[in-house]
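First the structure, in the form of structure tokens, and then the observations on it.
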Amino acid sequence: MDGAVPARARGYVAAVALLAVLCLLPLPAAPTPWWALGLLAALCAACEHAVRRRFGGTFYPVLLAGAFLLPPAAAALVPVPAGLLSPVEHRPALPRRVWRAAQPALAVWAAARVHGSLGGRDTVAGSDFPHALLPAGAAVLAFCLVLTALDGGLRAAVGLVPPRRAWRGLLTRSLAPVAVHGLAGLMMAVLWRSPYGPVAALLVLLPMCVSWWVFAQYHRERAAHQATIRALVQAVDIKDGYTRGHSERVGHASVLIARELGMDDERVEVLRFAGILHDVGKLGVPTRLLRKNGPLTPEERRIIELHPEYGHEMVRGISFLGEARAAILHHHERLDGSGYPYGLAGDRIPECARIVAVADAFDAMTSTRCYSRARPVEAAVAELERCAGKHFDPRMVGALVRALARSGWHPAVTADEPAHDGPPAERAAGTGVPR
């Protein structure tokens, strides 16, 4: 939940918090080992603070150990102090803190209920392996299901994605990592109940800390790649000032199309990179051609039409880009085979390239530049629909139209000077789309 929290999302968070309070109501009457609850809550708060500050993300082993050791109402209380006391980067802070406390409280309560109903606490107390794995696995599954249900509901309430896709992919992405955390939590619970006591249980956290460090290293490497991408885009914007800001908007439009097509979050992120980097090959084109005041000669046009290949060569070593590299290479292909650099047609053009082609053309038509005024969104959409089936994939055009109907579009001026007739070389490209 970044920035302002919509009223609908506030209501959703309040409802989740009310459910969490209801889960805690049996706590005074239940036989609760308060010292164990206090120790686990303090340990949870310490781990959450360390993990969020150094690595980001959430640390579940202590929560799941609480689900395996405590009655449901007591287990639900374990994450509450950590959630309420955690630092918040974005305002307003209160609904975010309430969410961080209430969501895991409900998930741990459900996990403890499932674990207890399957006799899990007896298997933990008796270190009964492998029988302890079945109730623990069921508890982890319940934990993941509740987290998925609540996260999807929040995404729908905030309006990040259409409601029908708010839950898509959440369970599959979280199940494996949480299962690892659940195994660590089970080991903590077994050692806690052993003659060695809670001190031995803390030793389980050491390998988990190592795994989090490795995870953090991966994200630092990814952040370095993203910094490289930003530097490349800035270099393109400086070199070709007539399309300043174009790359980021093409990335945004590509995301709109990809989400409308139901792609998973990882692929949506790749399409965003593809849109942002689609024109990076312009760094290999002489600046005099990009800014030439006059029509292009056939030879000069051939040089400019090499920019997709230049771009592909520049990013081929960035492994996490995946299919974005194909989009960079083929985003000027046309469905009828009249595009470049290879004249691919139909389904031979990679799907990601067909998405970026539509996003690229749409932003070119709706942006005010030094050499042309922006067309209204309706006119740009009409032009895309007119060219669908010949230049553009009708499926991608339809997805963009549906996404625009829901979220709208806010084009920006992409050059510093007022609009004028500008370089004929750019206008000579023929379709209103940047070269």
Residue list for the range 123-160, given a label point 7 angstrom along the Cα-to-Cβ vector of ARG8 and an amide N cut-off under 15 Å | 152-160
Just order 179-186, 303-310, 336-343 by mean Cβ neighbour count inside 10 Å, highest at the front, would you?
-> 179-186, 303-310, 336-343
In Å², rounded to a whole number, the accessible area per residue of the chain with probe 1.4 Å is 46
How far is the Cα center of the range 246-288 from the Cα center of the range 310-371, in Å?
-> 9
Using label points projected 7 Å from each Cα along Cα→Cβ, tell me how many nm separate PHE129 and ARG402, to one decimal.
-> 4.9
Given charges of +1 on the Cβ of Lys and Arg and -1 on the Cβ of Asp and Glu, with all other atoms neutral, how large is the dipole of the range 245-351 about its Cα centre, in debye to the nearest 20?
-> 540
Pull out the extension gain between SER117 and THR228, defined as 0.36 nm times the separation in residues minus the alpha carbon to alpha carbon distance; nm, one decimal.
-> 34.8 nm
Distance between Cα centroids, the range 161-186 to the range 188-205: provide it in whole Å.
-> 27
Helix 351-366 sits at what angle to the longest principal axis of the chain, using alpha carbons and giving 0 to 90 degrees rounded to 10?
-> 60
Angle between the Cα long axis of helix 7-24 and the longest principal axis of the chain, 0 to 90 degrees, nearest 10?
-> 20
Using +1 on the beta carbon of Lys and Arg, -1 on that of Asp and Glu, and nothing else charged, what's the dipole of the chain about the Cα centre, debye to 20?
-> 680
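Relative contact order for the chain using alpha-carbon pairs under 8 Å, separation at least 6, rounded to a whole percent? It would help to have the intermediate numbers written out before the result.
Numbers: 662 pairs, mean separation 51.7, N = 435.
Contact order relative to length: 12 percent.
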Positive-end residue of HIS330, PRO286, GLY275, charge dipole of the range 217-334 with Cβ unit charges = PRO286
Roughly what angle does helix 394-407 make with the longest principal axis of the chain, taking Cα atoms, 0 to 90 degrees, to the nearest 10?
-> 60
Farthest toward the dipole's positive end in the chain, which of GLY311, LEU64, GLY137, given Cβ charges of +1 (Lys, Arg) and -1 (Asp, Glu) about the Cα centre?
-> LEU64
As straight-line cross-link partners of LYS239, the qualifying lysines (C-alpha separation under 20 Å, not fewer than 8 residues apart within one chain) are LYS282, LYS292
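The values are calculated or read from the model by the stated rules, or taken from the named source; none is laboratory data. The structure displayed is predicted, hence computed values, not measured ones. Cβ coordinates were reconstructed from backbone atoms using ideal geometry, including for glycine residues, and neighbour counts include every protein chain displayed. We work out accessible area using only protein heavy atoms, side chains counted, and drop any ligands, DNA or RNA first. Shrake-Rupley method; radii C 1.70, N 1.55, O 1.52, S 1.80 Å.
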